């Protein structure tokens, strides 16, 4: 298992390094100079030049890159250019909010997805399987920005039981925070839950047709145990891989959901940073998101190996 | 002996619904009884309904399958109408089942011990420690060494034979009265098959569990069961004591099937006997005997009325109208014909010290060579038989000889020219000379292409002829392979296994090769069809002057068709010689083991060494 | 693995193995597309596409003409679906919106698919190329799509091109990985060995044998990806980085209606129904194809 992890580590690092190059390049391609933006429209050339020098923007690109990576490795993210404050603080705040959102969404995805998958594959009630089909189809057919607004209309406007937007930090007041969290997390989770549900349903249906299930049935194993102990463990590894990929989708979708629900997360920060040409903030934030994704993929591989004895024992 | 009726099947019918909605009657009017502790074989070829019958007994029918009529009484209780709870109590506890493929029949995420534990638990054993003790005891009984430790291993850590043993332990865990084994040894090598059959026999004697063994192999029947049920086209055609049925078959199909089984004693250069035609299409079966179209003794009345299974003498029942009035034994099959072919000429293909190791991804696979210094020669017009069990490297050898893989070391010469690592152009020239017929007639044909396209593919690749010439040549090749040229427009999925193998042969002949490498060309086919394909290959050899490499695991077939035999074991050739010499006077211990393990369709009484064996066990 | 022994069991022979009455077997896609599910999908998609193509004939107004009457309800004379907050005819905005969307997804998805497949073929050529291509796919997957969208738009400015680019980039690894996996599986199949022994050159074996058999999941994926593309376009419009207003897109019209959802729900109804019909139709087709292929 350790060798399994070690084999995957180099490629993960490679992706991170490549991503840092790409991010750095993208930001240098954005038209408009942060110094000009920072100096304001009326500033003279000397002021702009002074700001450029202060920010290190007059150095050659390669040394700017080296400087960025160097200070990252030292753990010093430096001040932001335009938004104000330390980059580390800005990203730290945003990361807290986005993590809260995506983790909550992931829980919804797992719970709803499993329910959709298991019910869809095994329920004998045509009514129930039909309902699951309709819900998953709807979750996939309605764009998230529409479902978000609909959720707000129903649960915040028509039946005012939940707040329409905003955030309370989870650690300060968990119960209140949960109220603010439910709608955005649900909105973010719905499409992924539907995807997971369909995938799991396929996996269970294929699993139930396997030879070893026939063996177990012929030995008199009761249906419930057949499903949970014999079929599901085999359907899980690919589902875990899918879930890992869905984390990427959740992080991406968070940008949109944060905009709908005024959730002060990384998406909002990215939008702000790009508008104001705040290189340090956007650079670090993008790299962080890529790193999270890469880490999740590594974790997924580990869980996969742990679930499948054929890999575990290799 | 007080025989007690345990299971009584009356008029069982099973139907499947084809995707287009038409019914497919897989089993029709099957009746038989099973006594306590009895060993009963159900033998038949593909589509005979033997497995469907077995699965119907405890209602394990897959997909659209359903029982259309009849009763399955287990000590008086009808399982055909039992509810789910009742069936669950029967499955495992009264009827245990073992399936064909031990590679897929065990759950990959459960340990060997868990498989047994689950069954014990399902049938009411709530004491965890007791279950564990019983699990270890069972694993020990079926011959898993070091059962305490191995109980916690996963299926992929066991060999095929061991997995089948674990499956048997699982099936017997809840002490059933009947063990239903559906082709339990088909996926195994002959030597392992022998061990498993011995185990099943021992368990039957010790525990008194009745054994129902579903098989296509007459040798297995002779080896393992007292009574046999012969099935054809979804019906039972003959039912009687094994010794009686094997020595005096009453039904023409049984007789044909027995004659078609290649015997180890038959000398080299003998034609295989087959049954003309192919098994019936179950969707099209109407009244009359299902075998009528292939029967040499057919009478008019056979086509009009379905023959009932009637008692002829003693314990023997036969479903054949003429058989009831027949007092003489069935006419003996025509004496085996010689294969007329010219004597082999000069050496065409020569291999010297071939080695090949697959670069496996897992650490496990690396280092074990598939070929470990293989040397052989093949003469013009000669058939070289290569025999070995799975993992012996015989398929790798075929692929290296046909240049599908490149050898790691050694040399390969075609008519004196070194072609071990040919240049691109030389490779093209070599491939025109050396072609290959594959084992699996389902996997070796591209499902997206029509038969005509498949056969024309090498013609296009080698740039032979223009469009019209190619079309003519394809028709010619199809006729050569015994197919109607009109089939060129159809897709391979609408053909039977034997027909597909003919398509594969037509494709291999397309570039007019001089060497044909046949990698287990008949292993996937029914015995009655196998003779047709082998006959076709030998005829082609005679007419086209081909040199054949004929790879198989069945020594008897190989002996009959080959001039010389090479026996492979663990990537090496352990013995070569003329076919008769190798089979009659084997020198290598491995060859001797192979010969001893080959199941022959001869009742135990007629085989002295078997008698000794059973006596020793008793 | 079990095919050898498969033949010998009497487990019900699937009808596919039996000679059928029809001499020529139908292509599985045709069978799939003739199911009720797929027909419904085809009708839905067909209607939406047709409406978009015929927009100039069906719409009574230009998509950017302002009538002075804002947020008019459906059935208002001259405005079948009513008007938007700026008094523009909703029917014509939806119809022209379909046109813009079709123009985007019909370019972006095939482009992304083609590039992904090309990379997969490069990967199939050599183990080193395979490693490089796989890391490229990993990299593309690692960027959260919408943040990438923000960055691309920051570079290129809002408009059609960045939307097309973002959608295409998102599809590259999806198609690439699918095809790579398919090629790897098919390459080990026996009929491919047979084709090579039969003298087929590397490229001929790839084109004639491997690709046709590896392509099935790609066909399903195209239908799925088209729906994803509609969503990405909408999300980008919603975030204000989509096609430049006032040109209508389905996403733009929809996101523009969101602030008025409570007071004028009919504003959102037209574009929402259209998007749903399109996406639903495509998923029905994908599902039908998937079922037939898996058999």
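The values are calculated or read from the model by the stated rules, or taken from the named source; none is laboratory data. Treat the numbers as computed from the prediction; the structure is a model and nothing was measured. Neighbour counts are summed over all protein chains in view; Cβ atoms, including those assigned to glycine, are modelled from backbone coordinates with ideal geometry.
Overview of results
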{"item": "Candidate set from region C:229-258 (those that are assigned to a helix (DSSP H, G or I) and without any contact (Cβ under 8 Å) to a residue 60 or more places away in the chain); member that is farthest from the chain's Cα centre (by Cα)", "result": "C:258"}
{"item": "Output for region C:39-94, where each listed residue is closer than 18 Å to residue C:255 by Cα and in a helix (DSSP H, G or I)", "result": "C:90, C:91, C:92, C:93, C:94"}
{"item": "Residue satisfying all of: in region A:12-37; more than 21 Å from residue A:67 (Cα to Cα) and touching a helix residue (DSSP H, G or I) at 6+ places or on another chain (Cβ under 6 Å); farthest from the other protein chains (Cβ to nearest Cβ) among these", "result": "A:36"}
{"item": "Test result for residue B:270, farther than 22 Å from residue B:231 by Cβ and surrounded by 13 or more Cβ atoms within 10 Å (Cβ to Cβ)", "result": "yes"}
{"item": "Yes/no for residue A:156 being modelled with pLDDT of 85 or more, surrounded by 14 or more Cβ atoms within 10 Å (Cβ to Cβ) and assigned to a helix (DSSP H, G or I)", "result": "no"}
{"item": "When residues of region C:179-207 are limited to those that are assigned to a helix (DSSP H, G or I), more than 7 Å from every other protein chain (Cβ to nearest Cβ) and surrounded by fewer than 18 Cβ atoms within 10 Å (Cβ to Cβ), the one nearest to the chain's Cα centre (by Cα)", "result": "C:181"}
{"item": "Exclusive hit being more than 12 Å from every other protein chain (Cβ to nearest Cβ), under 21 Å from residue A:11 (Cα atoms) and in a helix (DSSP H, G or I), set C:124, C:168, C:113, C:108", "result": "C:124"}
{"item": "Of all residues in region B:86-109 being in a loop (DSSP other than H, G, I, E, B) and more than 7 Å from chain A (Cβ to nearest Cβ), the one that is nearest to residue B:53 (Cα to Cα)", "result": "B:100"}
{"item": "Selection count, region B:1-24, where residues are part of a loop (DSSP other than H, G, I, E, B) and either more than 13 Å from every other protein chain (Cβ to nearest Cβ) or surrounded by 22 or more Cβ atoms within 10 Å (Cβ to Cβ) (or both)", "result": "4"}
{"item": "Test: residue in region A:71-93 that is within 14 Å of chain C (Cβ to nearest Cβ), under 22 Å from residue A:274 (Cβ atoms) and within 21 Å of the chain's Cα centre (by Cα)", "result": "yes"}
{"item": "Qualifying positions in region B:406-416 - modelled with pLDDT of 90 or more and closer than 21 Å to residue B:462 by Cβ", "result": "B:412, B:414, B:415"}
{"item": "In region A:113-148, residue surrounded by the fewest Cβ atoms within 10 Å (Cβ to Cβ) [restricted to those that are in a loop (DSSP other than H, G, I, E, B) and in contact with a helix residue (DSSP H, G or I) (Cβ under 8 Å, 6 or more places away or on another chain)]", "result": "A:123"}
{"item": "Residue within region A:221-242 that is within 30 Å of residue B:121 (Cα to Cα), within 16 Å of the chain's Cα centre (by Cα) and surrounded by fewer than 23 Cβ atoms within 10 Å (Cβ to Cβ) present", "result": "yes"}
{"item": "Only one of B:207, B:191, B:186 that is more than 14 Å from chain A (Cβ to nearest Cβ) and touching a residue at least 60 places away in the same chain (Cβ under 8 Å)", "result": "B:191"}
{"item": "All positions within region C:208-225 that are within 12 Å of chain B (Cβ to nearest Cβ), in a helix (DSSP H, G or I) and either within 25 Å of the chain's Cα centre (by Cα) or over 18 Å from residue B:449 (Cα atoms) (or both)", "result": "C:210, C:211, C:212, C:213, C:214, C:216"}
{"item": "Test: residue C:218 is closer than 25 Å to residue B:441 by Cβ and touching a residue at least 40 places away in the same chain (Cβ under 8 Å)", "result": "no"}
{"item": "Those residues of region A:261-291 which are in contact (Cβ under 8 Å) with a residue 60 or more places away in the chain, under 14 Å from residue C:146 (Cα atoms) and within 9 Å of chain C (Cβ to nearest Cβ), in sequence order", "result": "A:266, A:267, A:274, A:282, A:285, A:286, A:290"}
{"item": "Verdict on residue B:121 being surrounded by 17 or more Cβ atoms within 10 Å (Cβ to Cβ), assigned to a helix (DSSP H, G or I) and within 32 Å of the chain's Cα centre (by Cα)", "result": "no"}
{"item": "Per-region count, region B:313-330, residues in a loop (DSSP other than H, G, I, E, B) and either surrounded by fewer than 12 Cβ atoms within 10 Å (Cβ to Cβ) or at pLDDT 85 or above (or both)", "result": "7"}
{"item": "All positions within region B:391-426 that are under 15 Å from residue C:193 (Cβ atoms), facing chain C (nearest Cβ under 9 Å) and assigned to a helix (DSSP H, G or I)", "result": "B:399"}
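Okay, residues lined up against (1) away from chain C (no Cβ under 12 Å); (2) surrounded by 19 or more Cβ atoms within 10 Å (Cβ to Cβ); (3) out of contact with any helix residue (DSSP H, G or I) (no Cβ under 9 Å at 6 or more places or on another chain); (4) within 24 Å of residue B:601 (Cα to Cα):
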| site | (1), (2), (3), (4) |
| --- | --- |
| B:26 | no, yes, no, no |
| B:41 | yes, yes, no, yes |
| B:53 | no, yes, yes, yes |
| B:69 | yes, no, no, no |
| B:81 | yes, no, yes, no |
